[in-house]
Amino acid sequence: MCGIVGYMGGQDAYPILVRGLHRLEYRGYDSAGVSLINQAGNLNVYKATGKVDALEEKCREADTTGTIGIAHTRWATHGEPNTVNAHPHLSQSGNLSLVHNGIIENYKTLRAMLEGKGYSFCSDTDTEVLVQLIDYTQATSRCDLFTAVQRALKSVVGAYAIALLERSHPDRLVCARKGSPLVIGVGTDARGNKEFFLGSDATPIVEYTNQVVYLKDEEIACMDRSGQLDIVNMDDVHQTPEMITLQMSLDELEKGGYPHFMLKEIWEQPAALRTCIKGRLHPASKDVVLSGIIDHKDKFVKARRIIICACGTSWHSALIGKYFIEEAAQVPVEVEYASEFRYRNPVIYPDDVVVAVSQSGETADTLAAIQLAERKGAFLYGICNVIGSSIARATHSGTYLHVGPEIGVASTKAFTGQVITLCLLGLAIAKEKHTLSDEMFHMLVDELYQIPDKMQWTLENNKDIDKFAQMFTYCRNFIFLGRGYNYPVALEGALKLKEISYIHAEGYPAAEMKHGPIALVDEEMPVVFIAPRRGMYDKVVSNIQEIKSRKGKIISVVTEGDTTVAGMSDHTFVIPDTRDCFVPLLAAIPLQLLAYYVATAKGRNVDQPRNLAKSVTVE
């Protein structure tokens, strides 16, 4: 949610800032703004509701000169989405401009205090309170901006990533973070001088440099035109910047000829999963090697249970992981919504392993859940896609997905990357615990290694989905049904459809259909069955017959060569045969395509669906 971009160097800042905002559009937002200091020392702020294009239109005739600036895309929390509430916000003195991701929980108390000191407010936001607080601190303490930010933030309760400009000192850029990500890029301009870039993540930066510093919690950074980067923590202890080389490329952030990032990322899944398993799955030696397990194998071998915390799509992948880990490693697994887990008093033992699953590695509820688990003495394991993310740093060990940047808000390749990583985790634990026979272990290794090729087959053999998707644009409801490993796939298929097409959809265990949902079935109700030949096939066939007798429209995901379910269905998607535990990796693909083509037929913005954000860094 929300996006921050910043620049200071020898180049014109405005084009860099706007390109950066476009790179961050996937995070979800409803307004945008930019703040620049020009050569005359004027601090110019421009804001617009809607997309970044609207901001560009507003700035077309404006003074956008200057070599230092900050910019922002806002996802409304405090106050409606309008230009007054949009970022950047100015201090009452007009000297400071600030952009902010996160939520200041005690902003009402701070606002009342500042109003008592003579400050007035234009907006309804917590962000304006923050910039006024820093301005007040600087004025009363007679200190520089760097010190004022450090002192002011000690009064703040909540999460933040902030960046500030100071009109009276246009030679420095100050930023800070707590609970919300912030990345500093360090590059060199055409004259050989050092320049600095700022981003909520690395996507606005990779075009200019691959050298970055991930700011840590409760750190404040100051960049100046001499090329100096100073970082201190809240205790005023200087920190040595840890420079990291980015692995992502600019090509990964482009559509590559596809009409949408979502479709590109659906088709990238075979290659993405090959990268995910590379160096971890070894079919020649019939082995699975996860360094995160090897280095801490006693924690997993002796674990009383495994608790997986996740949100949204990651929760669905975690549910599949639960089924596989319990079956393969014979250890109890619980799957928790992180947003619920963090607000109750869960029973957590020191010999529990708590696994956090998050694409971005910045999901606020999941991060809070593992912090709670750490206080109770559990071992923490992270599964995320973004190197250097908060969850990666907060856990004792973990595994990166390595599926590449995912720009589309509706997760596709990160979902299958999470599922295959959880399967690797289950196999690695099973190897250490000797809970599988050698024959079964080797067979599972061989089959998992073939999954990317079978994904490619699935994509190539379901190209006609777009041809019949249009007939479902009239629908107001869908039901998705599956059993066993395919129940979470039904949940995920329903979520994808509702996320990007805005059609209401429910996922259910197929056996639970008779306990309520069947009342909804009529001739206008599409019902999607995940019905591979593996697993409880005969039971699912019976469920399909029950829907067919009530004139429901049946769409089925079937195994190649199936005639029974195909003959009962109005439409079928075909997947190659695989073990029932790996069916979700293949069955998810046609459901992703179904959601995509229904949404595009309805004219939806599939990459940036309304009200949603890619990285949910606030509650």
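Each value in this text was obtained by applying a stated rule to the coordinates, not by laboratory testing. Just so you know, these numbers come straight off a predicted model, no measurement behind them. Note that each Cβ is placed from the backbone with ideal geometry, even for glycine, and that neighbours are counted across all protein chains shown.
Assorted remarks:
- Gained length - Asn345 relative to Ala139, 0.36 nm times residue gap less alpha-carbon distance: 69.8 nm
- Hydrodynamic radius (Kirkwood) for the range 452-520, which is based on Cα pairs only, to one decimal in Å: 13.5 Å
- Förster radius 45 Å - calculated FRET efficiency between Lys376 and Ala566, Cβ distance, rounded to 0.05: 0.35
- Compactness of the range 3-253, taken as the C-alpha radius of gyration over 2.2 N^0.38 Å, stands at 0.93.
- The chain: equivalent-ellipsoid semi-axes (sqrt of 5 x gyration tensor eigenvalues, Cα, Å): 45, 27, 22
- Dipole magnitude for the chain: about 560 debye, using +1 per Lys or Arg Cβ and -1 per Asp or Glu Cβ, origin at the Cα centre.
- Put simply, the Cα atoms of the range 391-485 extend 52, 37, 25 Å along their principal axes, the longest span coming first.
- Of the complete DSSP H runs in the chain, those spanning 20 angstrom or more by Cα along the long axis with a mean Kyte-Doolittle score not below 1.6 are 583-601.
- Cα-based equivalent ellipsoid of the range 261-459: semi-axis lengths in Å, sorted from largest, via gyration tensor: 25, 22, 13
- Taking N as its residue count, the alpha carbon Rg of the range 91-190 over 2.2 N^0.38 Å: 1.08
- Modelled spin labels at Lys286 and His515, positioned 7 Å past Cα toward Cβ, are 4.1 nm from each other.
- Gain on full stretching of the segment that runs from Ser168 to Tyr337 - 0.36 nm per residue minus C-alpha separation: 56.1 nm
- Relative intensity, log₁₀ I(q)/I(0), of the range 161-316 from a Debye sum that treats every alpha carbon as a point, q = 0.17 Å⁻¹: -1.16
- Residues Ile479, Ile162, sorted so that the one with the fewest Cβ neighbours within 10 Å comes first: Ile479, Ile162
- Cβ-defined net charge surrounding Ala310, 15 Å radius [Lys, Arg +1; Asp, Glu -1]: -4
- Cα-based Rg of the range 340-455 normalised by 2.2 N^0.38 Å, two decimals: 1.18
- Peptides 535-544, 347-356 ranked from most to least packed by the mean count of surrounding Cβ atoms within 10 Å: 347-356, 535-544.
- The range 465-601 pair-distance distribution - Cα-Cα, 5 Å bins, rounded %: 2, 12, 23, 27, 22, 12, 3, 0
- Stretching Glu252 away from Arg191 to a fully extended chain increases their span by 19.1 nm, per 0.36 nm per residue minus the current alpha-carbon distance.
- Each Lys or Arg adds one and each Asp or Glu takes one away; over the other residues whose Cβ falls under 13 Å from the Cβ of Gly482, this sums to -1.
- Cross-link pairs Lys413/Lys498; Lys539/Lys602; Lys178/Lys498; Lys255/Lys467 - those with Cα-Cα distance over 25 Å: Lys539/Lys602; Lys178/Lys498
- Bridges between two residues of the range 261-459, per DSSP, are antiparallel at a rate of about 10%.
- For the chain, the 222 nm mean residue ellipticity estimated from helices alone, with every DSSP H stretch of n ≥ 4 adding -39500 (n - 2.57) and the total spread over all residues, rounds to -10500 deg cm²/dmol.
- Comparing Cα centroids, the range 571-599 and the range 134-161 end up 52 angstrom apart.
- Taking the range 1-119 and dividing mean pair separation by its residue count, relative contact order in percent (alpha carbons under 8 Å, at least six apart): 30 percent
- Over the range 393-444, the pair-distance histogram of Cα-Cα distances with 10 Å bins from zero comes to 21, 37, 29, 12, 1 percent, rounded to whole numbers.
- The simple Förster model, with R0 at 60 Å and r as the Cβ-Cβ distance, assigns Ile294 and Gln470 a FRET efficiency of 0.75.
- Prolate/oblate/rounded call for the range 271-333, Cα gyration tensor, a/c under 1.5 rounded: oblate
- Isotropically averaged projected area of the range 303-371, using the convex hull of Cα atoms (one quarter of hull area), nm²: 4.3 nm²
- The share of C-alpha pairs in the range 15-108 whose separation exceeds 15 Å stands at 59 percent.
- Formal net charge of residues neighbouring Gly361 (Cβ-Cβ distance under 11 Å; K, R +1; D, E -1): -1
- Label-point separation in nm, Asp538 to Met440, each point 7 Å along Cα→Cβ: 2.2 nm
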